Amino acid sequence: MTLLIETLGWIGSGLCLSAYLLTSIGKLSGDSALFQTMNFIGGTTLAINVIWHQAWPAAMLEVCWALIGLVALIQIARRRSA
């Protein structure tokens, strides 16, 4: 179980950092579904990792990070269906 939790943490870190890098260098738009998906999945997997380690301030950050990504994805989906 520990290996799974650590792997999720590394995946989440990679996704969040990659999303930030790609947006910062202009390869990805901040309002794209891909950017928000990377942040949602990254934040969720990091949240699992930091909750496991009982790092509560980081857990709050990652849960909020994932929720922001989810809300943005919902807004993107609503715009597309309108």
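Numbers at a glance
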| item | result |
| --- | --- |
| The stretch 42-59 - residue that is of a type in the set (A, V, I, L, M, F, W, C) and crowded, with 22+ Cβ neighbours inside 10 Å and, of those, farthest from Leu3 (Cα to Cα) | Ala47 |
| Where a residue in the stretch 61-76 is assigned to a helix (DSSP H, G or I) and its partner, wherever it lies, is exposed (fewer than 15 other Cβ atoms within 10 Å of the Cβ) and not aromatic (Phe, Trp, Tyr), with Cβ under 6 Å and at least six apart | Ile76/Ala33 |
| Residue count, the stretch 7-28 (criterion: under 13 Å from Thr44 (Cα atoms) and either aliphatic (A, V, I, L, M) or touching a helix residue (DSSP H, G or I) at 6+ places or on another chain (Cβ under 8 Å) (or both)) | 8 |
| Every residue from the stretch 16-37 that is of a type outside the set (A, V, I, L, M, F, W, C), free of Cβ contacts under 8 Å to residues at least 40 places away in the same chain, surrounded by 11 or more Cβ atoms within 10 Å (Cβ to Cβ) and not in a loop (DSSP other than H, G, I, E, B) | Ser18, Tyr20, Thr23, Thr37 |
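Values quoted throughout were computed directly from the atomic coordinates according to the rules given, and no laboratory measurement underlies them. If you're wondering where the values come from, they're calculated on a predicted model, not measured in any experiment. Glycine gets a Cβ as well: all are built from the backbone with ideal geometry, and neighbour counts include every protein chain shown.
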